[in-house]
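The values are calculated or read from the model by the stated rules, or taken from the named source; none is laboratory data. What you see is a predicted model, and the numbers here were worked out from it, not measured in a lab. Note that we place each Cβ from the backbone using ideal geometry, even for glycine, and neighbour counts take in every protein chain shown.
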Amino acid sequence: MNGKKRSRLCIEFGNSFFLDEFLKKTGFYPVIDAVGYGNPDTLRTIIFYYLLSQQANSHAADWHELNYTKNLFPNAAVSSQRISEALAEIGTEESKRAFFAAYYAFVRNRSRVREKVCKPGAVDLTAGSDGIDCGSDGILIDSTGLPNSAHMPITAISNHNGTVSEEIRLIYVVQQNKGFTKALKEHRWSLECRENFVTYNGRFYYIKRTEYRIGQNCDRRAHAYLGFDLTMRERQKRHLCEKMSDKHSNGHTDTPPGETC
């Protein structure tokens with residue numbers, strides 16, 4: 001022993017470790033790599049930095065040196081200049097198409113939930129595997145703004161499509177290939193009936209309450225309100241006609257013969 005103390009390096013660990021485990025367990029890393037960037041370590045480090053830090057790009061290299069990502073992605077080049085080059089490369093149309101093709105396939109076809117237990121009492125029967133087949137659970141997500149109400153304490157300032165207003169955002173999370181889509185197909189034909197016609201706040205709607213089943217085994221009863229906004233449909237038609245009119249005034253003739261607005 002020469003009496004010298006062994007040097008130690010303290011790094012930030014928890015957040016990066018959790019995010020790395022999450023991406024591995026869900027199998028999302030291949031979706032990220034589908035972008036096709038030359039240095040996967042750089043791309044992954046940039047993603048971690050943007051998710052876990054709010055600092056500017058100029059601090060990314062210092063953050064990486066003292067973070068667990070240094071162990072995960074040792075070949076990352078995250079100086080400010082390299083980040084700018086990476087963002088320019090992954091921002092191309094080809095890279096975007098490659099990513100979304102992989103992402104949509106991941107959402108649609110994800111049939112392996114990478115957990116040891118999917119149901120109470122389930123046994124891992126896949127020797128040498130890190131998960132068991134629990135079926136596809138792809139989801140659809142959408143959001144909309146509810147009518148404003150001064151008496152609701154959870155309203156907040158929202159910027160939606162460039163319009164700033166005080167409203168509530170309603171977010172829908174729907175299981176794909178489950179009861180809701182089936183209910184939509186069954187009841188869409190009967191939605192536009194007199195008994196479903198309502199008016200609200202100067203607008204016209206068809207609204208119908210339906211019952212359908214949800215859950216992994218479709219064994220839970222739920223209700224859905226199917227709605228069709230007549231006012232919005234007419235507004236969209238008018239907008240389309242205005243665009244076609246502008247094209248005609250500029251010498252374009254894209255309207256099929258015999259069709260007019």
**Asked** How many of the residues making up the range 80-102 are surrounded by 15 or more Cβ atoms within 10 Å (Cβ to Cβ) and either farther than 19 Å from P30 by Cα or modelled with pLDDT under 90 (or both)?
**Response** 2
**Prompt:** Is at least one residue of the range 213-224 at pLDDT below 80, surrounded by 11 or more Cβ atoms within 10 Å (Cβ to Cβ) and in contact with a Ser or Thr (Cβ under 8 Å, 6 or more places away or on another chain)?
**Reply:** yes
**Complete:** Restricted to the range 175-212 and to residues being assigned to a loop (DSSP other than H, G, I, E, B) and within 21 Å of E234 (Cβ to Cβ), the residue modelled with the lowest pLDDT is N201
